[in-house]
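Here the structure is laid out as structure tokens; the discussion comes afterwards.
The values are calculated or read from the model by the stated rules, or taken from the named source; none is laboratory data. Owing to the predicted nature of the structure, the values given are computational and were not obtained by experimental measurement. As a convention, Cβ positions derive from the backbone with ideal geometry for all residues, glycine included, and neighbour counts pool all protein chains shown. Side chains included, ligands, DNA and RNA excluded: accessible areas come from the protein's heavy atoms. Shrake-Rupley method; radii C 1.70, N 1.55, O 1.52, S 1.80 Å.
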Amino acid sequence: MYVNKIELENFKSHVKTSIDFSQGLNLIIGLNGAGKSSVLQALGFAFVGLKEDGSYGDFITDFNGAGFANIRVDFVASDGLEYSVIRKIDPKKTSWEIISQTNVKRRGQKEVLPLLQNLLGIRGEVKKVYKRIITASQNDMTSVFLGTSAERKAFFNDLFNTKIYKEISSKEMKEYVESVTSKISEINGSLNILKKEIEELSTTSQELLKSKEELKKISKELREVENLEKERKRKLEMLRKKREEYLQLLEKKNSSLEKIQGLEKTMKENQKRLIDAQSAKKICEESKSQHERFEILERERKELEEQKVIAEDDVKKLGDLERELSDINNAIERAEAEITHEKGNVERHKEALHTLNDKINSKKKELKDLEDEKMKKVSEGNEILEELRSFQSLSTTVQKITDSLSRTDGMIETARNRIKNVDYPEEIENQTQKIEFFEKKAKELESVKEKKIELREKMSTLENSRSSLENGVCPILQEKCFNVEGKDVSEYFDEKIKNLKREFSSLEVVERKLQSEYEEMQSVKDKISQLKSEMAENENEKQKLQKLRDDKEKMIDDLRSSLEEVMSVTNLEPLAAREYVNSRLRELNGVHQKNLTEVSSIDAKMDDLKRDVRSLEEEKRAHSEETKKCEEKIEMYEHQKVSFNDKSEDLKSEISSLSRAREELEELKKRYLELSNTANQLKPFHEEYMKNINIAMGIDEISKRVENTVSELKIKKVEFENVSTRLEEVSNSYSDEEISSLEKEINTLDKKKDEFNSRFGSVRERIKSLELDLKKFKNAKEKSEKLKKDKEFLEKKKHLAEKIRKLLGVMGPEMASRYRKFIATRATEKYRALTQKVDIVKWSDDYDVHLISPIEGSSSDRRFSLLSGGEQMVVALAIRAALTETFSSTKFAIFDEPTVNLDEERRRSLSEYLPKLFENMEQILVVTHDETFREMAEKVINIKKENGMSVVKM
Amino acid sequence: MESFLDANSMKFLHCSDIHLGRKPVGSAFSNYSNQRYEDYFNAFDWIIEFALENPVDVFLISGDLFDRRELSPDVLERAEKQLSRLKNRDIPVVAIEGNHDRLFAIEGRSWLEYLSREELLYLLRPYTLEDGSVDFPKWNGNSGAMVEIKGVRFYGMGYQGFSFQQYIEAIANQLDPSKTNVVLAHTAIGNPSVIPGCVIPEELEPLIGKCDYIAGGHIHTKHVYKRFKMFVPGAPEYWDIKEGEEKGFFIYDTLTKNFEFHNSKKRLKTIVSIFLENGSTNEFRSRLEEALRSNPVEDGSLYVVEVKVPFGSFLEVNISDVEKEIEEMGALKAVVSVSMGKGVKTESENQDLEVIEEDVIAKNPELASYSKVIADALENLKRYHEMNDEEGATETIDRLLNEIIGGDLDVR
């Protein structure tokens, strides 16, 4: 744990203070009353609520009448996280809040203090440990071990808080035992009440058993009544059914009688109809033969009528056929005339075709001759054209070469003119000799220039000397100089300067002359370089000329080889060759043109002939087509003629088959008349027959119907007999008196049943209430069991609590003794580590510290008061460190004015051992007014008082 | 059905307290510091190797990846390389800060935050609102306290010192029990006044039934608290030479809810205990020789000698000379620790007050077997006495007596 920052507002003398701390040793230094202790007070109040006597108002500054004070401490806690604890104070109340670095907040002592105890790493009593162990107050350093036995006991027992065991024993444990005891007596009370209740309810179970028996008996009797009633009801039902059956049978009997009467009436009617039918049958039998004869005649007459219709049709048809035959014979004649006409036409066309063929053949022969001639001319033309082309290309080549030749000749001429006939090497040699002379002159010029500079320096020295001597002090005489070598200063120097000037101007004349010569040398140099470049150019021109000549030779060779390719003559001069080639070309052109004209005149003639042939062939085709048409017509007429002939033959045979039709018709008419007369005589008999036959035919059906009615009547009568018998039986099997007596009996049974049911219900109610009582009884028993157990448990608790109470009551002194031993052991380790000695720290029962030092074979045991001042300080520090480790895990300690009242030896010892002892601490705050620890401090915080307010300087 | 299984079925690896960059202080003449510095990287490498060879879906680090808030370039560079291996195989890393590598409020960004921005891990952190209430927002791409991977929700509680209770209550309200929830918290069950940053069992109760796995840390040896489904894998390499042996990492299957513990690869350590009867130098020497004979020093190993001397006696031996002797026999580092008493070593040496009280109580034959619980209760009782809190006192006594008798009938 370590503090990062403390902020105070209106806290005592701190109106607005902010102190940053670092890890390690922090020194808060200042004069008495500067406000150092207020910082520790604020820290103690914020961390553990530590407060001296007095009210909260004492914390608030009286400087500005603010009426409130604030403390804020930022620190890193034992869990490694940052927290801020904030206390706001006003005279009547304070608030306490702790905020984690992630803004989790807790407020109020009950929440804050336990957390702070953990965050600070304090064991045991927070306030005491903080006040007595974490903080080492002034005077506590060694004096606490030097007081009287009673003082020491009071101090350390308070620190070890050994009386707390007794306090707890006589307060919390006592109260606990009391409350357990009262709880036990409470339980005893409850148990007594339960006991009474249990006794009261103890007979419930038997009563319940009895009631259940009764219920069983009632339900048995009830069941018997119910069975009897059921049986009676069944019987009643049966009798009622019989009565119903009787009524139904009665109805059936009446309806059966009605049906029999209806059937008898129907039968009488049918018997009368049967007699009528039998008389009609007799009439029919008497007229039957006449009737049959009439039927036959009538059929014959119908046949004749049909035949007559057919015969009339035939006669009509015959007339039609005869007309048709004469039409066809006319058509045949017309077709024959057409055929003769068309045959003549065919003959004429054939003659014309013959003549046309002859004409075409002669034209074609002429055309073939012309074709041959044309082929000959064309092949001649191709030969000429080939030659012409080779000469054309030759002519182009020759032209090109001769043109190049004449150009080259021109260039050769120009080149020859450009070449200069000068001997350049000799000329250059002459000029170079001149240069050597001039270079000598240049050297002279250089020496003249140097001499000039020398003179100018001399002059300027003289000028300076003159002016310094005229105006200044002589370096030898230390005063102004008035003569040199017996002369006035200016005179002496002017003379010398004049001579030098003369010499200088003569040198200038020489320099000018040499300068002009030097410039001439420059022109000679230019000339040489010009000559050299001219020479190079001349050489170049010569080479060019040679190249042109070579080119010309090559061209002539080319010309010769081109000519060789086309013609035999080759040894021609270039111009003659050109002339020759061109004339030959012109000649060939003429021949070629002539050939072309001839060919085109042949082509014209051929075209004429071809046109003639085409028109002739056109004419031929027209004639052929006409011939074809005529032949087609002939064929068509021939065809017509044949079909007409066939039809004429058919008609003729048909007419011959109908030749007798008219006579047959006359005959049929005569026969029909005879037949009609006979039939008319028989017609009255036929009509009588037809009138009676239908009635006679009904005889069978009527007699069957009569038969059916008779048999049905028989069945119905039997049925009627049966019903009558059954009716008699049923009417004997029941009586209305019996029914009404049964109804009465059932009514009585119903009443009896209701009575049983109500008795059953009341017994059942009683059982329910008894069962509830039984439950109550059981509950009470259970409850009492549980309470007994609880009582037992609480008695155990009481017993144990009393034991613990007793133990705590006597534990204090034993604890104090253990603490002493434990801390002394740890202090010994610390002491040894610090001093490298093997002494032992012992802490006796009266809290007197002893240091036991081994001395060869035995040992010396010295009380604290007998130790040297330095030893006392080391032992005290060792015990304090052991206490800190035991009572806290915090690595934080405060020393409040540790050096006050210390002599020099103790002070030295403290400053030597304190840092060593606490070097594993995260932070130590030392409040002091002197400088003892200044040089080992990580941070020094100065607090001063200015105008009554505390001011902090880091 | 299959997709449902896929949604919540995964395997993750859970490790903690890697402490990269730790350089334990050693003698000026040995290269102990430098070798140990490498050991922490090697231990982490070995875990990563395991995760790559036996692929997991997620890699959890429950705080203290680094030993310090401030890092040297070498530590950062090596950590980035190690985490990149997981990233290259698409194994997401979910991490929280511990007490060693978390920041103070004023300091700005932590190195874990930097790694999170470099997308090498998800750094989960709860948020505190203006009114002091705690929130666990979903990962928004840059920051958050909850990230959902393959249907499993990972919540990060970080390290909260003595304020864990508030955070646990807040997260208990926020967890959806129908989901698979994993909570990363840099804490373990213990006595916070002995080991600050631990939580007591009561504080974890709100999480029962609400989360499938609490990925704990802070304590450097393996602990499994089945009731709370809390798993503490321990630091894979000895942070302190006196730490226990069981250290490693867990593999957890969210579908079958099975876990496997794997030991980490760490430096060889030998512990020998010596009990002295009179505490003389001769006795110490002869016992030490015996111990060294039966447990020979191995080259490059750590060697711890625990010496118990009788209460009130002092060992006249220069401890550092003995340590040097053992180091000359080949140990990389030797530690000899001397303690007094019955030989029962408690969690921390700072429990002296309770031990003394316990001892005094134990003298009463009837209460002897309950001395520990009585001493614990006395601690609270004293506080309630100081605060004049009768109710608290009665409750404390009730609880104590119930525990001893084995019942739960209170006076109040």
B:Ser337 versus A:Asp372: modelled label distance in nm, points set 7 Å from Cα along the beta carbon direction: 14.3
Estimated distance in nm for a label pair at B:Glu130 and A:Lys452, the labels positioned 7 Å out from Cα along Cα-to-Cβ: 9.8
Within 10 Å of each Cβ in B:369-376, the average number of Cβ atoms from other chains: 1
For residues of A:96-104, the mean tally of beta carbons on other chains within 10 Å: 6
Estimated 222 nm signal from helices in the protein assembly as shown, with DSSP H stretches of n ≥ 4 weighted -39500 (n - 2.57), rounded to 500: -22500 deg cm²/dmol
Spacing of the two label points (7 Å from each Cα toward its C-beta) at B:Arg85 and A:Asp313, in nm: 12.3
Sites A:Lys195 and B:Ser369 - FRET efficiency at Förster radius 51 Å, r taken between beta-carbons, to 0.05: 0.85
Karplus-derived HN-Hα couplings along region A:348-357 (A = 6.51, B = -1.76, C = 1.60, θ = phi - 60°), whole Hz, x at Gly and Pro: 4, 4, 4, 4, 4, 4, 3, 4, 4, 4
Under DSSP loop assignment and at most 14 Cβ neighbours within 10 Å, longest GluC sites (Glu not before Pro)-free interval of chain A: A:53-478
Interface burial for B against A (accessible surface, 1.4 Å probe, total of both chains, Å², rounded to 100): 5900
Accessible-area composition of chain A, carbon plus sulfur, in percent [1.4 Å probe]: 49
Rounded accessible area per residue of chain A, 1.4 Å, Å²: 61
Rounded to 5, the percent of DSSP beta bridges in region B:152-246 classed as antiparallel: 20
Under 5 Å, built H, 5+ apart or other chain: amide partners of B:Val335: B:Tyr303, B:Val304, B:Val305
Straight-distance crosslink candidates among lysines, where the alpha carbon sits under 22 Å from A:Lys798 and sequence neighbours closer than 8 are dropped: A:Lys166, A:Lys171, A:Lys174, A:Lys183, A:Lys783, A:Lys786, A:Lys788, A:Lys789, A:Lys806, B:Lys363, B:Lys372, B:Lys382
Alpha-carbon centroid distance for the pair region A:322-381 / region A:119-192, whole angstrom: 163
Inter-part distance where region A:661-679 and region B:93-160 are each reduced to a Cα centre, Å: 138
Unit charges at the beta carbon, dipole of region A:826-951: most positive-side option, A:Leu883, A:Met873, A:Ile941: A:Ile941
For A:Ser888, residues with placed amide H under 5 Å, excluding near neighbours: A:Arg123
Amide H within-cut-off set for B:Asn99, under 5 Å, with H built and near neighbours excluded: B:Asp64
FRET E, pair A:Gln530, A:Glu444, Förster distance 25 Å, beta-carbon r, rounded to 0.05: 0.35
Span from the region A:254-272 Cα centroid across to the region A:44-77 one, whole angstrom: 139
Phi-based couplings in Hz for region A:141-150 (Karplus 6.51, -1.76, 1.60; Gly and Pro marked x): 3, 10, 4, 4, 8, 9, x, 6, 4, 5
Zone of A:Glu245's modelled label, taken as backbone nitrogen in region A:710-754 under 11 Å from a point 7 Å along Cα→Cβ: A:726-727, A:729-734
Residues in region A:526-557 reached by a label modelled at A:Ser404 [backbone nitrogen below 14 Å; 7 Å Cα→Cβ]: A:548-557
DSSP-defined antiparallel bridges as percent of all bridges, the protein assembly as shown, nearest 5: 55
Lysine-lysine proximity count for region B:268-347, Cα under 17 Å, sequence distance 8 or more or distinct chains: 5
Gain in span if fully extended, A:Leu321 to A:Asp903, counting 0.36 nm per residue against the direct Cα distance: 191.0 nm
Test item: A:790-800 mean partner chain Cβ contacts at 10 Å: 4
